[in-house]
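Take a look at the structure set out below.
The values are calculated or read from the model by the stated rules, or taken from the named source; none is laboratory data. In this text, all values refer to a predicted model and were calculated from it rather than measured experimentally. Heads up, the Cβs are rebuilt from the backbone with ideal geometry, glycines too, and the neighbour counts pull from every protein chain shown. Protein only, heavy atoms only, side chains kept; ligands, DNA and RNA dropped before computing areas. Shrake-Rupley method; radii C 1.70, N 1.55, O 1.52, S 1.80 Å.
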Amino acid sequence: METITNIQQQKEAHNDRIVFGHQVYGLVGAQMAFRVELLVGFDALIIDASDPDFTRLAIRKIRGHYNPELYLKPIFLINHRQVRDTLIDSLHDGILFSYDHLAEVSKKVDEMFMLSTQLDQHLPTNYEAQVFKKVLNFMFTRGRKVFTPLLDVNSVIGYSYPELSVNFERQEEAQVLDILDWAEKEGLIWPDFHERVYLCNNCSGGYLSYREVCPHCHSSNLASQDLVHHFPCAFIGPISEFKNPVDSTLSCPKCNKQLRHIGVDYDKPSVINKCNNCSSSFQDMFVKAKCMSCEQDTDVQYLVSRQINTYRFTKKGRTAAVNGFFSSSADTEDIFGTVPLETMRVMLHYAMERLKRIDGLRTNVSVLYIENMYELVHRMGTRSKKPLLTELVNIIHETISPQDFVSVETGMVFYMTLNDMSLSQAEKIVQGLDLKLEQALNKNFNGFKASIRTNTVALEPGIPVADQLQKLSQALYADR
Ligand SMILES: [Zn+2]
Ligand SMILES: [Zn+2]
Ligand SMILES: [Zn+2]
């Protein structure tokens, strides 16, 4: 058992780390150089939380990272001041009041580590599944079972689900709802109504300014006043016509009688609105909502209504962190210049029949897998995925010959045929293509380093195409 003095001495000696038993804690603070990748080696992290802005940034960088070695890292806060911040409050693993609490905390660190060894390591192939699996992993190691929406001024929709939202920028919060919709469709979670929000139909922003406006010119410069109905003479008019400049009594402009008691000789059946901009009078105003993010002014009936739910895991969802899950919704979006994988299988089948009959024909099949496409799609948003894939397919077509086919699977795996050449020639072409794609991606996306794997085989007559394709892609994931 370590003593407090020992810990203090070690803290002073090493400055950026504390050794406690077999565990090494990394210290993170605003005054230290903070490079998130350097934190991988520690068993747990202690953030000096005296500066809430820094704490928020550090937690975002760690929990929002795609590497499990980082986003699953136990995080404890020291010098913590209570501020209202859902992200900080939901994503740390404990508060240290002093370093002598490490004894308690170290058990928790061990527990989380043990749980993390049970996680399914397989990386799902589509974007939504990858994001969701990541969140499942985090929640499993923390024993959390519910996605609770929290009121959050830092979210553009007013709510956040911290475990999920930390993977998105604040203006991308509506994407969090899309991921939850996806997970619900996959049968991983089930919803429980919590609240309804209205979002901008242009940018999905939730900061809207609601105004009553003139139905004719849409100005919000309006004045409303009561309508007065005088019973004895049946006159109805705006209250200003009943007023006089001297006292507060009301008298009828038609019959000149003084009004006495509301409900007895007169009443106020309604209000009348007048536009100070176009001078028109009207009974009903329009309600418009101006988006504070994109400035679009929308009639309220056209706002997008979204349900904010509390989500619990289904049985499938509860076991998915450990057992993994198979996503049923493959990416079926058609990319220009590609054929569906099914079609490619059929075509390869015919190619194989020809190989059997005609000597000297050769067909190669190649698969190319952009391992960290997830990172890129995440950075650009799901909407940019299709244009990006189209661009990549263009580059592939520039490299292979016009009679060859390309097929895209799950948005990050490309299959292509390379006809009438030897396997080594095909391999050379694919190598060149790999380089070309890497250069294009690295050049266009600052700081991104594309990680691409390829595998090429010559089609063998007599073996079913499906088996050959399976072997082809298996080899791709094998030595990870
Ligand atoms: Zn009257
Ligand atoms: Zn008007
Ligand atoms: Zn907007």
Fill in the blank from the handout: Output for Cβ contacts, cut-off 6 Å, separation at least six or different chains, first residue closer than 24 Å to residue 194 by Cβ in the stretch 293-307, second open to solvent by less than 50 Å² (accessible area, probe 1.4 Å) and within 16 Å of ligand 2 (Cβ to nearest atom), reads none
Exercise for the section: Please go through the stretch 214-228 and pick out each residue that is open to solvent by less than 50 Å² (accessible area, probe 1.4 Å) and either within 16 Å of ligand 1 (Cβ to nearest atom) or within 28 Å of residue 267 (Cβ to Cβ) (or both). Expected result: 214, 215, 222, 223, 227, 228
Exercise for the section: Return a yes/no flag: does the stretch 273-287 have any residue that is within 16 Å of ligand 1 (Cβ to nearest atom) and loosely packed, with under 13 Cβ neighbours inside 10 Å. Expected result: no
Problem - Tabulated pairs, the stretch 251-280, first within 16 Å of ligand 2 (Cβ to nearest atom), second of a type outside the set (Val, Ile, Thr) and open to solvent by 90 Å² or more (accessible area, probe 1.4 Å), C-beta under 6 angstrom, 6+ apart or interchain - result: 278/216; 280/216
Handout entry: Condition broken by residue 265, with the remaining ones in (1) away from ligand 3 (no atom under 16 Å from the Cβ); (2) open to solvent by 40 Å² or more (accessible area, probe 1.4 Å); (3) among the charged types (D, E, K, R) satisfied
Key = (2)
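Within 19 Å of residue 428 (Cα to Cα), assigned to a helix (DSSP H, G or I) and either of a type outside the set (Asp, Glu) or in contact with a Lys or Arg (Cβ under 7 Å, 6 or more places away or on another chain) (or both) - does that describe any residue in the stretch 374-393?
Initially, the stretch 374-393 is screened for residues within 19 Å of residue 428 (Cα to Cα), giving 392-393.
Those left that are additionally assigned to a helix (DSSP H, G or I): 392-393.
Okay, now just the ones that are also either of a type outside the set (Asp, Glu) or in contact with a Lys or Arg (Cβ under 7 Å, 6 or more places away or on another chain) (or both), so 392-393.
Within the stretch 374-393, one or more residues are within 19 Å of residue 428 (Cα to Cα), assigned to a helix (DSSP H, G or I) and either of a type outside the set (Asp, Glu) or in contact with a Lys or Arg (Cβ under 7 Å, 6 or more places away or on another chain) (or both).
Return the only residue of 119, 123, 136 being part of a loop (DSSP other than H, G, I, E, B), modelled with pLDDT of 90 or more and either on the phi < 0 side of the Ramachandran plot or open to solvent by less than 10 Å² (accessible area, probe 1.4 Å) (or both). Steps first, answer last, please.
Details: 123 fails: modelled with pLDDT of 90 or more; 136 fails: part of a loop (DSSP other than H, G, I, E, B).
So the residue among 119, 123, 136 that is part of a loop (DSSP other than H, G, I, E, B), modelled with pLDDT of 90 or more and either on the phi < 0 side of the Ramachandran plot or open to solvent by less than 10 Å² (accessible area, probe 1.4 Å) (or both) is 119.
Out of 294, 278, I need the residue that is closer than 30 Å to residue 202 by Cα, within 54 Å of the chain's Cα centre (by Cα) and either at pLDDT below 95 or in a strand (DSSP E or B) (or both). Which one? I'd like the intermediate steps shown before the answer.
Working: 278 fails: either at pLDDT below 95 or in a strand (DSSP E or B) (or both).
It is 294.
Restricting to the stretch 203-213, give me the number of residues that are of a type outside the set (Phe, Trp, Tyr) and surrounded by fewer than 15 Cβ atoms within 10 Å (Cβ to Cβ). Write out each step before concluding.
Applying the first criterion (of a type outside the set (Phe, Trp, Tyr)) to the stretch 203-213 yields 203-206, 208-209, 211-213.
Add one more test, that the residue is surrounded by fewer than 15 Cβ atoms within 10 Å (Cβ to Cβ), and what stays is 209, 212.
Summing the residues that are of a type outside the set (Phe, Trp, Tyr) and surrounded by fewer than 15 Cβ atoms within 10 Å (Cβ to Cβ) in the stretch 203-213 gives 2.
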Exercise for the section: Determine whether residue 450 is more than 30 Å from residue 358 (Cβ to Cβ) and either in contact with a strand residue (DSSP E or B) (Cβ under 9 Å, 6 or more places away or on another chain) or buried (at least 19 other Cβ atoms within 10 Å of the Cβ) (or both). Expected result: yes
Exercise for the section: Could you check the stretch 36-102 for helices (runs of 4 or more DSSP H) lying wholly inside it with 1 or more residues that are of a type in the set (Val, Ile, Thr)? Expected result: 52-63, 86-91
Practice task
Need at least 2 residues that are not assigned by TED's automatic domain parsing to the domain that holds residue 260 per element, so show me which strands (runs of 3 or more DSSP E) inside the stretch 200-241 make the cut, counting only ones lying wholly within it.
Solution key: 208-213
Fill in the blank from the handout: For residue 472, the lone unmet condition from (1) outside any helix (DSSP H, G or I); (2) within 30 Å of residue 353 (Cβ to Cβ) is (1)
Fill in the blank from the handout: Given the conditions (1) open to solvent by 20 Å² or more (accessible area, probe 1.4 Å); (2) outside any strand (DSSP E or B); (3) within 16 Å of ligand 3 (Cβ to nearest atom); (4) of a type outside the set (Lys, Arg), every one holds for residue 178 apart from (3)
Problem - Members of the stretch 271-296 found to be within 16 Å of ligand 3 (Cβ to nearest atom) and of a type in the set (A, V, I, L, M, F, W, C), listed by number - result: 289, 291, 292, 294
Practice task
Look at residue 106 and say whether it is of a type in the set (S, T, N, Q), farther than 24 Å from residue 181 by Cα and not in a loop (DSSP other than H, G, I, E, B).
Solution key: yes
